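One structure is given below, encoded as structure tokens.
The values are calculated or read from the model by the stated rules, or taken from the named source; none is laboratory data. Predicted model only: the values in this text are computed from it and were never measured. Cβ atoms come from the backbone with ideal geometry, glycine included; neighbour counts cover every protein chain shown.
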Amino acid sequence: MKNLIVREAILSDAQEIYDLFMETSDETEFLACSSEERKNTGFTVKSQEKRIENIINSNNQLYICICDGVIIGMLGIDIFSRKRLCHRATLGINVLKDHWGIGAGSLLMEKAVDFFQTNKELVKFELEVRSDNLQAINLYKKFGFKIEGEISKYFCINDIYYSAFLMSLTK
């Protein structure tokens, strides 16, 4: 097993986080968009610096997984800010495809679930996952997430529609 470290992201991680987003966006179709689409919507290293800064100054979290000094994965937690929704948080996770199956996703999820369980205000942890992404679904189930429902035609990739599961973990 490789030596993996999970920690909170800091401002100086922005370039590597940007690179990770761009690479993971193109090596799988399980994510919301391609790197080209990210570029076309103003996704830059500078925007990642701003995002990290905002996360550091909020209750949200951004964890990174490092292997041999390189960021290979990340997991973001966004807590809803509206008063009627602030008991809920969503998560998103990216791991470089070359590093699937070595435990990075599990370590990131462990950190995220620990954050959720120790946050007294949070009652529900949510995510959306393409219904044919069995590896990810099994990872989430391993940490207690349950499928709440299916959203049909959630993704459209090359004129093919894919559904997504809404999964959650509750206290």
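Observations, loosely collected:
- Summed over the stretch 29-43, residues that are loosely packed, with under 15 Cβ neighbours inside 10 Å, among the polar types (S, T, N, Q) and under 18 Å from the mean Cα position of the chain (by Cα) total 1.
- Considering only residues in the stretch 17-74 that are in contact with a Phe, Trp or Tyr (Cβ under 9 Å, 6 or more places away or on another chain) and within 27 Å of Thr118 (Cβ to Cβ), the one that is modelled with the lowest pLDDT turns out to be Gln48.
- Entirely in the stretch 87-171, the strands (runs of 3 or more DSSP E) that have 1 or more residues that are within 16 Å of the chain's Cα centre (by Cα): 88-95, 124-130, 160-170
- Among the residues making up the stretch 7-21, those that are of a type outside the set (Asp, Glu) and over 15 Å from the mean Cα position of the chain (by Cα) are Ile10, Leu11, Ser12, Ala14, Gln15.
- Some residue of the stretch 141-157 being touching a residue at least 40 places away in the same chain (Cβ under 8 Å), of a type outside the set (A, V, I, L, M, F, W, C) and either surrounded by 13 or more Cβ atoms within 10 Å (Cβ to Cβ) or under 26 Å from Asp13 (Cα atoms) (or both): no
- Identity of the residue in the stretch 19-53, of a type in the set (Ser, Thr, Tyr) and assigned to a loop (DSSP other than H, G, I, E, B), that ends up farthest from Asp132 (Cα to Cα): Thr44
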